[in-house]
Structure formats: C-alpha cells, structure tokens
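These notes are about the structure you will find just below.
None of the figures in this text is laboratory data; all of them are computed from the coordinates on show. Here the structure is a predicted model, which is why all the values come from computation and not from measurement. Here Cβ is always computed from backbone atoms with ideal geometry, including for glycine, and neighbour counts include all displayed protein chains.
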Amino acid sequence: FEEHELARSLSPLLFCYADREQPNLCTMRIGRGIHPEGMPGWCQGFSLDGGSGVRALKVIQQGNRPGLIYNIGIDVKKGRGRYIDTCMV
C-alpha cells in the first residue's frame, strides 16, 4: 500500500505467519517514497520472541552519492490476556 511506502499509515500493520513451525522472523526497510531516487534494502531479520534490538536500514543512492543508513530501534512485546498470541513491535 502506498501509505506504507511513505510511512503515513495511522493504523497498525497486521499480519500472521502461515506456518507456526517456522521461526517468527521479521525484516523491514525504508519506504520507497522516503527517498524515491534511492534503492532501499531489507535489514537483517529479527525475532518476534521478545526483547529489544537495533537494525541498520540502508538506502543505496544513485550516481556517486554516498548511501544512507538509518539505525532503527526495535522493541518486541508479547500481548497479555486474550492477546497472548499477539506481538507488538
């Protein structure tokens, strides 16, 4: 969706994994609308098992311009009660 490429979505992004036997890993990148002249790359996967971390999100610029790096903090928390199977990132 276009609003995700511009980081303008006001509602949560909801998804689930089709195979519960596989590890719950996510990856992310900077939206294409933030630097339209650049090529955003996907970060290294991170676990949804809980905890905090940091990932470097890289954008490759065209020409001889240096690439951009965004260091993004991640905090994963498990839901409680009826939301026990939910993770909030």
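Which of these values of Cα extents along the principal axes in Å was calculated from the structure shown: (1) 51, 24, 23; (2) 42, 23, 17; (3) 42, 32, 20?
So the structure-derived entry is (1).
Just to verify a number: FRET efficiency for LEU68 and ALA18, C-beta to C-beta distance, R0 = 25 Å, to 0.05?
Working: r = 33 Å, r/R0 = 1.33.
After rounding to 0.05, the efficiency reads 0.15.
Within the chain, list the GluC sites (Glu not before Pro) lying in a DSSP loop whose Cβ has at most 15 other Cβ atoms in a 10 Å radius.
On the way: sites: GLU2, GLU3, GLU5, GLU21, GLU37; in loops: GLU21, GLU37.
Answer in residue order: GLU21, GLU37.
Per residue of segment 21-37, in order, report the coupling 6.51 cos²θ - 1.76 cosθ + 1.60 (Karplus, θ = phi - 60°) as ³J(HN,Hα) in whole Hz, putting x for Gly and Pro.
In residue order, the calculated couplings are 7, 7, x, 7, 10, 10, 9, 8, 8, 6, x, 4, x, 6, 10, x, 7 Hz.
With +1 on each Lys and Arg Cβ and -1 on each Asp and Glu Cβ, and nothing else charged, work out how big the dipole of segment 2-88 is about its Cα centre, in Debye to the nearest 20. Each step should come with its number before you reach the end.
Details: 11 positive and 9 negative charges, 46 e Å.
With only Lys, Arg, Asp and Glu charged at Cβ, the dipole is about 220 debye.
Using the count of nearby Cβ atoms within 10 Å as a rough guide to exposure, how do LEU10, LEU57 rank from fewest to most?
With the sparsest Cβ surroundings first, the list reads LEU10, LEU57.
Roughly speaking, what is the stretch gain from GLU37 to GLU2, that is 0.36 nm per residue apart minus the C-alpha to C-alpha distance, in nm to one decimal?
Numbers: separation 35, 0.36 × 35 = 12.60 nm, distance 1.62 nm.
That pair, GLU37 and GLU2, stretches by 11.0 nm at full extension.
Which one, ARG32, ARG65, ARG55, has the greatest fluctuation when you compute a Gaussian network model over the chain with C-alpha springs under 10 angstrom?
Result: ARG65 has the largest fluctuation of those listed.
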